[in-house]
1. When the residues of segment 380-397 are filtered to those that are touching an Asp or Glu at 6+ places or on another chain (Cβ under 9 Å) and part of a helix (DSSP H, G or I), which remaining residue is most open to solvent (accessible area, probe 1.4 Å)?
2. State the number of residues belonging to segment 295-314 that are open to solvent by 10 Å² or more (accessible area, probe 1.4 Å) and among the aliphatic types (A, V, I, L, M).
3. Could you tell me whether any residue of segment 50-60 is more than 26 Å from Ala320 (Cα to Cα), within 16 Å of ligand 1 (Cβ to nearest atom) and open to solvent by less than 10 Å² (accessible area, probe 1.4 Å)?
4. So, of the residues in segment 511-537 that are surrounded by fewer than 17 Cβ atoms within 10 Å (Cβ to Cβ) and over 27 Å from the mean Cα position of the chain (by Cα), which turns out to be nearest to Ala105 (Cα to Cα)?
5. Which strands (runs of 3 or more DSSP E) sit wholly inside segment 199-294 and have at least 2 residues that are among the β-branched types (Val, Ile, Thr) and open to solvent by less than 10 Å² (accessible area, probe 1.4 Å)?
6. In this structure, is Ile34 at pLDDT 95 or above and open to solvent by less than 50 Å² (accessible area, probe 1.4 Å)?
7. Taking His96 and the conditions (1) open to solvent by 10 Å² or more (accessible area, probe 1.4 Å); (2) within 14 Å of ligand 1 (Cβ to nearest atom); (3) touching a Phe, Trp or Tyr at 6+ places or on another chain (Cβ under 7 Å), which numbered condition does it fall short on, given that it satisfies the others?
8. Any residue in segment 537-550 that is farther than 14 Å from Phe392 by Cβ sitting within a Cβ distance under 9 Å of a residue that is basic (Lys, Arg) and open to solvent by 30 Å² or more (accessible area, probe 1.4 Å)? List the pairs, counting only those 6 or more apart or interchain.
Amino acid sequence: MTSVPDLPESPLLSQLNPNQAQAADHYTGPALVIAGAGSGKTRTLVYRIAHLIQHYGVDPGEILAVTFTNKAAAEMRERAKHLVSGADRLWMSTFHSAGVRILRAYGEHIGLKRGFVIYDDDDQMDILKEIMGSIPGIGPDTNPRVLRGILDRAKSNLLTPADLARHPEPFISGLPRESAAEVYRRYEARKKGQNAIDFGDLITETVRLFKEVPAVLDRVRDRAKFIHVDEYQDTNKAQYELTRLLASRDRNLLVVGDPDQSIYRFRGADIQNILDFQKDYPDAKVYMLEHNYRSSARVLTIANKLIENNAERLDKTLRAVKEDGHPVFFHRATDHRAEGDFVAEWLTRLHAEGMKFADMAVLYRTNAQSRVIEESLRRVSIPAKIVGGVGFYDRREIRDVLAYARLAINPADDVALRRIIGRPRRGIGDTALERLMEWARVNGTSILTACANAQELNILERGAQKPVEFAQLMHAMSEAADNYEPAPFLRYVIETSGYLDLLRQEGQEGQVRLENLEELVSAAEEWSRENEGTIQDFLDDAALLSSVDDMRAKQENKDVPEDAVTLMTLHNAKGLEFPAVFIVGTEEGLLPSRNALIEPGGIEEERRLFYVGITRAMERLFLTAAQNRMQYGKTNATEDSRFLEEIEGGFDTVDAYGQVIDARAKSWKEYRPTVPTRPSAVKNTSPMTEGMAYRGGEKVAHPKFGEGQVLAVAGMGDRQEVTVHFPSAGTKKLLVKFANLTKV
Ligand SMILES: Nc1ncnc2c1ncn2[C@@H]1O[C@H](COP(=O)(O)OP(=O)(O)OP(=O)(O)O)[C@@H](O)[C@H]1O
Ligand SMILES: [Mg+2]
């Protein structure tokens, strides 16, 4: 029996349970916190940061924490500020934001020019559409999205075009690999010519910078002597490499994650990063957290039950701290509309019982499902905040004005130029534009340079004055960009570009667009109050907003009251929690998704996604399905999700009025007995793993495999099973009874 080693007396640590406190007290060297949903991983990470500052005297200016969204980073900073002073100097950001910051400061060392812009998904598509036509093996029916997917995955895996050409598989996403590599090559060249980088580059270029210019890496490492990564299970190869480089000198790297919540494999996330952490850092300390503080025991039971069906996983223990709570309800509606009405009905009831709308969330697999739910909610006037979907920053007028701003900062941004040269119309037709582009291509200049010289160089026979005027307009705008704060500058752009007049002529619709532009100016004003920086910094931030980020949500839901139900995809819900959660569309073809059925490992990924959804719920959980659903314009009969079968017995089936039809959950204790366990606070040093022979992180020896470290412990008594990582033999699952392990 091991006991909790002495921990420093600390008011901070006393707010954690003993295992959490041990992890939070981790000082130097590599560490891995691996634990299930709601076990306090994120909380432990924040407390560890505060404890480093308060107890170990670490300078906040040497601490980096990487989170999944800017919102999570902001929240973490707020929490840290409450716990300890100096927290405003912490570096908390996403991988992408960290990349921008590093590349803006040091990108010149690897040939990035000042003022580079960040291309988003749509900009990428513009380039791909333009180049794909002339590449052998890429037909006109090739979807540019497929190409974009190939590029994204290649970058996530740090593959160059040459690597792609050497790829062992003859086809990549159905395309000849040579063609895919050629697309990649030309795309990169085009982007470089326009002084732009894309999302993937934010990581890969930073990695390249670190490798090629060690002095820069050293400077950045001084600012990141203690590194934390939340949601480590969703890092890809490039992010892994970035982390590895940053941590390679001081080796103070603490990562937290849950392999069961890895849900971004389709975007290149590699679950192996977390599983191999101990291979990369053989001296890593492993901390396991085994108590779930978030969900009622019933909710947690079905979550545990579900995820056990995954074959590829580390066994972990996760026990409820909370009581049984309410039964989980499942409702099978006649169709998707009835499903939406059922959700609206229960939202209303919960609200009448005193729960705030803001404490409720509706989660779905695909954005397309949100429309019907929204309609149902609107009918009964439930305020709803939609996260994701076609949002504020995707609107045409917003993108147009931001494109002007980009071009003002970076005259080489041809993608932006092509977007706005005809908005409003300024007498430069398609043929003229093509000649300008051709001249620019032949002479290796930007299109804007071609415009500026249209008259002298005889690029155009007629109307050469128009492009020259456009170039003059942009020149004036560039000067304004240097001289104005972000908000006045955007106002200047809206007016001088002619966009304002254009919208004024468009009547009602123009009016709505104008209001959106006003909102953009307000967003910039608000941004300036909270940040110091130029229009360039504002554009960077706007480009990096993810759908769950606050700045984005605020603009997108500007007319929605504070107290509103959240509607979002299961993916976006990661890391969040709500007292009441509805998961809709638990049907075959939706959850698991149709694509998952044909992809290797697809079902297990979808199961993890469902697991993420279930474990967001604190008190109430509702699952729904529609027997008939309209999809792609046709109504079809559906089948219940296979996952429902896996958790059968864990929920009550209810009818449209909420009356229990099938009360399985009433006898749920027989179905799977879990008794809530309440771990003591840290002051009381009784070990929380009472009755267990082994604990995560412990060093053991095996007669054949040698020394190793316990990764996970599952089961009790004779059936206790440990997962042990042996540096010489890999990771093994062993039954304690037979394994002949000894403690080291
Ligand atoms: N020791 C504790 N005492 C009280 N509340 C706790 C404790 N540990 C965690 N919690 C609460 O439990 C909830 C879940 O914690 P947290 O979000 O840190 O879990 P997590 O492991 O990061 O979850 P996820 O896997 O979903 O990211 C939070 O509301 C947190 O404040
Ligand atoms: Mg978390």
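The values are calculated or read from the model by the stated rules, or taken from the named source; none is laboratory data. What you see is a predicted model; the values in this text were computed from it and never measured. Neighbour counts are summed over all protein chains in view; Cβ atoms, including those assigned to glycine, are modelled from backbone coordinates with ideal geometry. Just the protein is used for accessible areas: all its heavy atoms, side chains included, with ligands, DNA and RNA removed. Shrake-Rupley method; radii C 1.70, N 1.55, O 1.52, S 1.80 Å.
1. Ranking the candidates gives Asp394 first.
2. Going through segment 295-314 one residue at a time, the tally reaches 2.
3. Narrowing segment 50-60 to residues more than 26 Å from Ala320 (Cα to Cα): 50-60.
Within this subset, residues satisfying the condition of being within 16 Å of ligand 1 (Cβ to nearest atom) are 50-51.
Applying the additional criterion that residues be open to solvent by less than 10 Å² (accessible area, probe 1.4 Å) yields 50-51.
So far as segment 50-60 goes, yes, one or more of its residues are more than 26 Å from Ala320 (Cα to Cα), within 16 Å of ligand 1 (Cβ to nearest atom) and open to solvent by less than 10 Å² (accessible area, probe 1.4 Å).
4. Checking each candidate, the answer is Glu518.
5. Values: elements: 226-229, 253-257, 285-289.
Answer list for segment 199-294: 226-229, 253-257.
6. Working: at pLDDT 95 or above: no; open to solvent by less than 50 Å² (accessible area, probe 1.4 Å): yes.
In short, no.
7. Against the list (1) open to solvent by 10 Å² or more (accessible area, probe 1.4 Å); (2) within 14 Å of ligand 1 (Cβ to nearest atom); (3) touching a Phe, Trp or Tyr at 6+ places or on another chain (Cβ under 7 Å), His96 comes up short only on (2).
8. Asp537/Arg104; Leu539/Arg406; Asp540/Arg101; Asp540/Arg104
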